[in-house]
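Below: one structure, written as C-alpha cells.
The values are calculated or read from the model by the stated rules, or taken from the named source; none is laboratory data. Note that the structure is predicted; figures quoted are calculated from it, not measured. Reconstructed Cβ throughout: ideal geometry from the backbone, glycine too, with neighbour counts over all protein chains shown.
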C-alpha cells in the first residue's frame, strides 16, 4: 500500500509538472520586456547585530539581444528593531535597508521552458538607523542615513508557467563595500 501511494504521488507530481511547464514560452528574444515581483532573503548588513533578512522586490528587464538583458530591481527589507534596557533606561534602535540594483544578464541557456543566466552589475544600498529611548535626563531620539555603492555577482534561473516566469536568483550584493551580503530571491516575471 505504501509503494502504491508513493507511486501515485510521483505520477501526480510528474503529470502536474509537465502540464504546468508544457505551455511555456520563456525563450528570450530581442526586444522582450519582463517585469516582476518577488521575495528576497539576505544575510543581513550593517554590522550592528541586526538581521534585515526578509524583503520584497520589484524588477524589470529588457532583452537587448537573445543572450543579453539589461534592467534593474528595487528591494526593500523589512525593518529590524533592537530593544535594550539597563539601569532604568530603555532604548530602541531601528534599522531600515533598501537596495537599487542595475544589472545585466547573460543567458547561458535560452530555451522555451527554461532560462539560466549569470548576472553582474552595480548595487546602491541605503541604510537608515533611528534610535529613541528614555534616560534619567528625559527622552532622546535621533537618526542617521547613509548610502553605499558596490558590485553584484550571481546567477539565476527562470521556469515558464502559463501566465509568467518563475525565477530564482542567488547573488553576492554590495561587493567592495560594508553593505555586502549574500542574497537569495524568488518570484514571478510577467512578459509585456
Of the residues in segment 35-54, those that are modelled with pLDDT under 95, buried (at least 17 other Cβ atoms within 10 Å of the Cβ) and in a strand (DSSP E or B) come to 42
Check segment 82-94 and report whether any residue there is modelled with pLDDT of 95 or more and part of a strand (DSSP E or B).
no
Please work out which residue is surrounded by the fewest Cβ atoms within 10 Å (Cβ to Cβ), limiting yourself to segment 163-191 and to residues that are modelled with pLDDT under 90 and outside any strand (DSSP E or B).
176
Find the residue count for segment 55-81, including only residues that are part of a loop (DSSP other than H, G, I, E, B) and either closer than 16 Å to residue 181 by Cα or touching a helix residue (DSSP H, G or I) at 6+ places or on another chain (Cβ under 8 Å) (or both).
0
Evaluate segment 125-148: report whether one residue or more is in contact (Cβ under 8 Å) with a residue 12 or more places away in the chain, under 16 Å from the mean Cα position of the chain (by Cα) and within 23 Å of residue 64 (Cα to Cα).
no
Just name the residue that is nearest to residue 164 (Cα to Cα) out of those in segment 95-119 that are in a loop (DSSP other than H, G, I, E, B) and out of contact with any helix residue (DSSP H, G or I) (no Cβ under 9 Å at 6 or more places or on another chain).
112
Within the group 101, 110, which residue is within 18 Å of the chain's Cα centre (by Cα), in contact (Cβ under 8 Å) with a residue 60 or more places away in the chain and surrounded by 15 or more Cβ atoms within 10 Å (Cβ to Cβ)?
101
